[in-house]
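A.B. asks: Have a look at the structure that comes next, please.
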Amino acid sequence: MGYRLHVVKQQERFGDIEAFNWKNSEFSNLLSTIGCNVCGDEPYDRFECLKSDFRKAIGIVKLYSEKGSLTEDDLSATGIDTEWVDFDVINEILSSTKDELGYTPNDLVRVMEQFLSESDPEGDYIIFVAW
């Protein structure tokens, strides 16, 4: 297995949506807490996660937004693996999104869905960059 240098073939283009003013680390931490394996270095000016994980995270936030709190039965019914889930931590972080991120859970779902829709349709990862 090698470790070779590659050239970027296509310049990055950024979507029209922007969110989480000075809260990129907080958003990254939220994603990590709700099951996204976030890759990046603090202060998370650039980080990424699998789109499949991000879609599950949207489902978790959406379910929380509808119910007000989550239980194992709620998530199991959606097909989300609950083995890794700490429901107290997830409920706590989702209940504080307005204070921590400036978005209600319902608004957060809308922003996350728009992030996903504007991400590279050919990539397996959704990439976030803050500047």
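A.B. asks: Since GLY79 meets every condition but one in (1) within 14 Å of the chain's Cα centre (by Cα); (2) on the phi > 0 side of the Ramachandran plot, which condition does it not meet?
C.D. replies: (1)
A.B. asks: Answer yes or no as to whether PHE54 is over 10 Å from the mean Cα position of the chain (by Cα) and touching a residue at least 60 places away in the same chain (Cβ under 8 Å).
C.D. replies: On the way: over 10 Å from the mean Cα position of the chain (by Cα): no; touching a residue at least 60 places away in the same chain (Cβ under 8 Å): yes.
Spelling it out, it is not the case that PHE54 is over 10 Å from the mean Cα position of the chain (by Cα) and touching a residue at least 60 places away in the same chain (Cβ under 8 Å).
A.B. asks: Let me ask you something else. Pick from the stretch 61-90 the residues that are exposed (fewer than 11 other Cβ atoms within 10 Å of the Cβ) and hydrophobic (A, V, I, L, M, F, W, C): which of them is modelled with the lowest pLDDT?
C.D. replies: Among those that are exposed (fewer than 11 other Cβ atoms within 10 Å of the Cβ) and hydrophobic (A, V, I, L, M, F, W, C), it is TRP84.
A.B. asks: What are the pairs with Cβ atoms under 9 angstrom where one residue, in the stretch 102-117, is assigned to a loop (DSSP other than H, G, I, E, B) and the other, located anywhere, is surrounded by fewer than 15 Cβ atoms within 10 Å (Cβ to Cβ)? Sequence gap at least six, or different chains.
C.D. replies: Listed pairs, sorted by first residue: GLY102/ASN21; THR104/LYS98.
A.B. asks: Find the helices (runs of 4 or more DSSP H) located wholly in the stretch 9-94 whose residues include 2 or more that are within 22 Å of GLN114 (Cβ to Cβ), and list them. Break it down into steps so the answer makes sense when it comes.
C.D. replies: Numbers: elements: 24-33, 51-67, 72-78.
In the stretch 9-94, 24-33, 51-67 are the helices (runs of 4 or more DSSP H) which contain 2 or more residues that are within 22 Å of GLN114 (Cβ to Cβ).
The values are calculated or read from the model by the stated rules, or taken from the named source; none is laboratory data. Just so it is clear, the structure is predicted and the values come from calculations on it, not from any experiment. We place every Cβ from the backbone using ideal geometry, glycine too, and count neighbours over all the protein chains shown.
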